[in-house]
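Peer 1: For reference, the structure I am asking about is given below.
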Amino acid sequence: MDLDEFKGDLERNARAVDQWLDRFLPVHDDPEAQVIEAMRYSALGGGKRVRPFLVKSCADLFGVSEIAALRAAAAVEMIHCYSLIHDDLPAMDDDDLRRGRATCHIEYDEATAILAGDALLTKAFEVLAEEETHSDPRVRADLVVALAKASGFEGMVGGQMLDLVAHEHALTMPEITRLQRMKTGALIAVSCEIGGLLGKASESQHLALNAYAHDLGLAFQIIDDLLDVEGSAAELGKATQKDEAAGKATFVSLLGVERARSQARMLVDQAVEHLAIFAEKAAPLKKLALFVFERRA
Ligand code: GRG
């Protein structure tokens, strides 16, 4: 695969999503404007936009309108950005650098960062529930439920809690896998599910997308762990070697670098196989899986 060509596709989708984020977070000069500025700072300040690409590419499998797909993609990115803002807070990971810039609470202050995260979280559901996202109210309700479950205690928040209590004992492989499926995997999986919901996918199509997302999410996390060990803050735009310093068990600390990389490769190949039922239409999703394996940031 031509990685640079794919990066161009990812970038084009990112800019299209940015236009919607820009529209959803309008600048104004009311006294509460600081929270919107902080939301814009974090939501429009870079990032690979992997989750929006998944929403759009899955929606494209079913010929969903661009407006619906990009609105939903922006909603998922708002949840992701909220999680990054809160994850960087002193009470959580206490990071100063994110996406190559000062984290939200450093650029503004802690209270503003908490509010900006809260407001991105709530705005995401507002966008999904609006009629412009889908004419069928049943579909809109399904989108809201799916994103709420993936973001809440059964998904990302639950995974973050598991991560916070992880130092209490050495995690085993099944425990780390469960933690990461919830913390990182749930939002990746719901990005694919949302594409299917918008397009009223059949049961077998939903199952295929879920299987793809499951393997992709784990591969994504393994590569993230490898980059934490092997990458630099300059390349990644965020602090590295955090896991080891915190004494956290990761896929890499349990498997070692080589086995972790071959496990990620196996998962990526498996993810691609799950897409067979979509034939050529799934080419962007296949390329994304390979990009996840080969990414250096
Ligand atoms: C605070 C509720 C709450 C949740 C935090 C997702 C998460 C849970 C924390 C993010 C910290 C982290 C390093 C998670 C593991 C992998 C991951 C999700 C990395 C960031 O995602 P990328 O690589 O980032 O897609 P960009 O900046 O490209 O969007």
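The values are calculated or read from the model by the stated rules, or taken from the named source; none is laboratory data. Not measured: the values here are computed from a predicted model. Glycine also receives a Cβ, built like all others from the backbone with ideal geometry; neighbour counts cover every protein chain displayed. In case anyone asks, the SASA skips ligands and DNA or RNA and just uses the protein heavy atoms, side chains included. Shrake-Rupley method; radii C 1.70, N 1.55, O 1.52, S 1.80 Å.
Peer 1: Mind checking which helices (runs of 4 or more DSSP H) fall wholly inside segment 188-275 and carry at least 3 residues that are under 28 Å from G63 (Cβ atoms)?
Peer 2: Working: elements: 203-230, 233-236, 242-245, 251-255, 257-273.
Because the criterion is at least 3 residues that are under 28 Å from G63 (Cβ atoms), the helices (runs of 4 or more DSSP H) in segment 188-275 that meet it are 203-230, 257-273.
Peer 1: Additional query: For segment 195-202, indicate whether the set of residues that are away from the ligand (no atom under 16 Å from the Cβ), open to solvent by 40 Å² or more (accessible area, probe 1.4 Å), farther than 25 Å from A129 by Cβ and without any contact (Cβ under 8 Å) to a residue 12 or more places away in the chain is non-empty. Outline the logic, then answer.
Peer 2: First, pick out the residues of segment 195-202 that are away from the ligand (no atom under 16 Å from the Cβ): 195-202.
Narrowing the set further to residues that are open to solvent by 40 Å² or more (accessible area, probe 1.4 Å) leaves 200, 202.
Adding the requirement that they be farther than 25 Å from A129 by Cβ leaves none.
The answer is no; no qualifying residue exists.
Peer 1: Just checking, does segment 175-183 include any residue being hydrophobic (A, V, I, L, M, F, W, C), open to solvent by less than 10 Å² (accessible area, probe 1.4 Å) and more than 11 Å from the ligand (Cβ to nearest atom)?
Peer 2: So far as segment 175-183 goes, yes, one or more of its residues are hydrophobic (A, V, I, L, M, F, W, C), open to solvent by less than 10 Å² (accessible area, probe 1.4 Å) and more than 11 Å from the ligand (Cβ to nearest atom).
Peer 1: Residue by residue through segment 83-116, note down the ones that are within 12 Å of the ligand (Cβ to nearest atom) and over 27 Å from S232 (Cβ atoms).
Peer 2: Residue satisfying the conditions is I114 alone.
Peer 1: What number of residues in segment 152-187 are assigned to a helix (DSSP H, G or I) and under 16 Å from the mean Cα position of the chain (by Cα)?
Peer 2: 14
Peer 1: In segment 1-50, what residues are within 21 Å of T184 (Cα to Cα), open to solvent by 20 Å² or more (accessible area, probe 1.4 Å) and among the charged types (D, E, K, R)?
Peer 2: Matches in segment 1-50: K48 only.
Peer 1: Okay, next question. Restrict the check to segment 18-34 and report whether at least one residue is at pLDDT 95 or above, more than 15 Å from the ligand (Cβ to nearest atom) and touching an Asp or Glu at 6+ places or on another chain (Cβ under 7 Å).
Peer 2: Within segment 18-34 (the criterion being at pLDDT 95 or above, more than 15 Å from the ligand (Cβ to nearest atom) and touching an Asp or Glu at 6+ places or on another chain (Cβ under 7 Å)), the answer is no, since none of the residues qualifies.
Peer 1: Could you say whether any residue in segment 36-57 is of a type in the set (D, E), at pLDDT 95 or above and away from the ligand (no atom under 14 Å from the Cβ)? Step through it out loud before you land on a result.
Peer 2: Start the filter on segment 36-57 by keeping residues that are of a type in the set (D, E), which leaves 37.
Filter once more, so that each one left must be at pLDDT 95 or above: 37.
Filter again for away from the ligand (no atom under 14 Å from the Cβ), leaving 37.
Yes: one or more hits.
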